[in-house]
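What follows is one structure encoded as structure tokens, with my remarks underneath.
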Amino acid sequence: MNTALQAVRGMNDVLPEDAALWRAFGAVVEAWLERWGYRAIRMPLVENTALFRRAIGESTDIVEKEMYSWRDELNSEELTLRPEGTASCVRAAIEHSLLHDGPKRLWYGGPMYRHERPQKGRYREFYQYGAEAFGFRGPEVDAELIVMCARLWPELGLKGLRLELNTIGSAEERARHRADLVRHLQANEAQLDADAKRRLHSNPLRVLDSKNPMVQEVAAQAPPLTDYLGEASLAHFAGLKKLLASAGVEFAINPRLVRGLDYYNLTVFEWITDALGAQGTVCGGGRYDGLFAQLGGKPAPGVGFAMGCERLVALMKVSGGVPAARRPDAYVVHQGEGTLEYAFAAADALRSAGHAVVLHAGGGSFKSQMKKADASGAWVALIVGEDELRAGEISAKPLRRSEDQRRIGRGRIVEEFAAILQRVKA
RNA sequence: GUGGCCGUAGCUCAAAGGUAGAGUCCCGGAUUGUGAUUCCGGUUGUUGUGGGUUCGAGUCCCAUCGGCCACCCCA
């Protein structure tokens, strides 16, 4: 143990028992994304550091202190493990002119990397599914993305997720608000903590989100962003709320909901649970109409969300929505001179016929082999001993139903096994 | 990155400075080749790691690694 290597902190193995749940989760989510008309795209895990600096924002926590960045000396490139997916997805859309024939709905999944202190529900390598809609200006796609999620939760067996919603207007509106906000914060600078002071100029909107009561007092008196929103922004938000209401999706407006990435405008939202402790946001997203231009592309609107797989899988466990383990159809037990080849061939033939078959390996007494057959969860134990070998047969013993063991002639193994399996599974 | 709590068998946990244990799991057996129960027997280990104090450290001290919780932040 003293010389044994460990996984990197905050980066976890998913062991077979959990991996089954992950696969079930992934299957539901991917089918759901496709059903809503989103198409898969895959991006590299590594991008040029400049992409994230430009997309996410220089003064965000992610860029300031959470990115895994390094200089690749082989060809002098500044590279970064992606801390989120939207920037890469937009980059890919620009690079390959994906919008040349109209708007696009895309989804992706995979690991993201942020160097934060690990905690329940927060890891340095974590998985996300993301959906992005490029080229749609109206609020209907914002609504679609949110309603989509509302429809997914029951499919995963999840309850008690609540939706928080806000609008943060356009860049111009925020700039006007920001000027007044900074003035207000400066007037009350004595009440600000170190963190708030630091953000006063770098990212004053985040000050409103502070949990420090002293800072909260100042924030509460600050000019509300809503007062600075123009007609178009208000109409967009109203349109979104109307669609959510007609879909029967409940939401709470949280005027302090400001997301940590600079590219958002208008709609921002989070799906939150109280069942996972401090890391309660299970899915978050919003609109980012300026991002294409910001990354050097032809201007195009965008909206999207990302959901955290670790958190959703953890919620599925809490909710008890754990799928049953897959049973092998047969476990093949063999003992005696020459039986291995026979058993090996029988297992092979049954697999070719589409059955899930585990061949016993590693020796052991007959009894221990039967124990392993049982422990494997197999429906049927197939037994090849010296008797069977001599007779040119194989014994089939159902393990999950009270049905007698019987012999099958070698030439009829596939047909008869299928018949037994059908009866036993019924 | 800051603070608090915690690391003993694969797993869940005992051992209040004096010989490291239980349950579970795993392995073998209970008259020839038949699985969950029952009964009998057996292995669980550099007490996370490295130092220090002490006649003696799982226990006290320091460091380090890891986990949990909170802050922070977000998925």
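So what are the three principal axis dimensions of the range A:61-203 from its Cα atoms, in whole Å, longest to shortest?
Largest first, the range A:61-203 extends 50, 47, 39 Å along its Cα principal axes.
Along the charge dipole of the range A:216-373, pointing to its positive end and built from +1/-1 on Cβ of Lys, Arg, Asp and Glu, which listed residue (A:Tyr228, A:Phe292, A:Pro328) has its Cα farthest out?
A:Pro328
Would you please give the residues with an amide H less than 5 Å from that of A:Leu266, counting only those at least 5 places away or on a separate chain, with H modeled from the backbone geometry?
Under 5 Å from the amide H of A:Leu266: A:Ile168, A:Gly169, A:Ser170.
Measure up A:Lys367/A:Lys425; A:Lys211/A:Lys317; A:Lys372/A:Lys397; A:Lys120/A:Lys197; A:Lys104/A:Lys298 against 19 Å on the Cα-Cα distance and list the ones that go over. Write down the numbers at each step before the final one.
Working: A:Lys367/A:Lys425 25 Å; A:Lys211/A:Lys317 30 Å; A:Lys372/A:Lys397 14 Å; A:Lys120/A:Lys197 29 Å; A:Lys104/A:Lys298 15 Å.
Pairs exceeding the cut-off: A:Lys367/A:Lys425; A:Lys211/A:Lys317; A:Lys120/A:Lys197.
Once you've got the GNM for chain A with C-alpha springs shorter than 10 Å, pick whichever of A:Gly286, A:Gly336, A:Gly362 has the biggest mean-square fluctuation.
A:Gly362
Measuring from the lowest to the highest alpha carbon on each principal axis, how far does chain A reach, largest first, in angstroms?
So the extents along the principal axes, rounded to whole Å, are 95, 56, 45.
At what distance in nm do the modelled label points of A:Gln221 and A:Val182 sit from each other, each positioned 7 Å from its Cα along Cα→Cβ?
Placing both labels 7 Å along Cα→Cβ, they lie 2.1 nm apart.
In whole Å, how far is the Cα centre of the range A:154-171 from that of the range A:70-114?
With the range A:154-171 and the range A:70-114 each reduced to a Cα centre, they are spaced 25 Å.
Restricting to the range A:330-425, what percent of DSSP beta bridges are antiparallel, rounded to 5? Please list the in-between numbers first.
On the way: 8 of 16 bridges.
Within the range A:330-425, antiparallel bridges account for around 50 percent of the total.
Any idea how far apart A:Glu77 and A:Arg198 come out in nm if each label point goes 7 Å out from Cα toward Cβ?
Result: 3.2 nm between the two label points.
If Lys and Arg each add +1 and Asp and Glu each add -1, what is the summed charge of the other residues whose beta carbon sits under 13 Å from the beta carbon of A:Met43?
Its environment carries a net charge of -1.
Suppose the chain between A:Trp22 and A:Glu250 were pulled fully straight at 0.36 nm per residue; how much longer would it get relative to their current alpha carbon spacing? Don't skip to the answer; put the middle values down first.
Working: separation 228, 0.36 × 228 = 82.08 nm, distance 2.81 nm.
Stretched fully, the A:Trp22-A:Glu250 segment lengthens by 79.3 nm.
To the nearest 0.05, what FRET efficiency results for A:Ala50 and A:Lys367 with a Förster distance of 60 Å applied to their C-beta separation?
For R0 = 60 Å, the calculated efficiency reads 0.40.
Modelling each spin label as a point 7 Å along the Cα-to-Cβ direction, I'd like the A:Glu116/A:Gln279 distance in nm, to one decimal.
0.7
What longest range of chain A stays clear of loop-exposed GluC sites (Glu not before Pro) (DSSP non-H/G/I/E/B, at most 14 other C-beta within 10 angstrom)? Provide the component values of the computation, followed by the final result.
On the way: sites that count: A:Glu58, A:Glu73, A:Glu250, A:Glu337, A:Glu403.
That gives A:74-249 as the longest site-free run.
At q = 0.13, 0.14, 0.19, 0.25 Å⁻¹, what is the base-10 log of I(q)/I(0) for the range A:330-425 according to the Debye formula with one equal point scatterer per Cα and no solvent? Please give it to two decimals.
Listed by q, the Debye log ratios stand at -0.36, -0.42, -0.82, -1.52.
Rg and Dmax of the range A:285-360 over Cα atoms: what are they, in angstrom?
Gyration radius and largest Cα-Cα distance of the range A:285-360: 26.1, 74 Å.
Report, in debye and to the nearest 20, how large the dipole of chain A comes out about its Cα centre when Lys and Arg carry +1 and Asp and Glu carry -1 on their Cβ. Spell out each step's value before the answer.
Working: 55 positive and 54 negative charges, 143 e Å.
In total the dipole reaches around 680 debye.
Every number in this text was worked out from the coordinates using simple rules, so none of it is lab data. It should be emphasised that the depicted structure is a prediction, and the values quoted were computed from it without experimental measurement. Every residue, glycine as well, gets a Cβ built from its backbone with ideal geometry; the counts of neighbours run over all protein chains shown.
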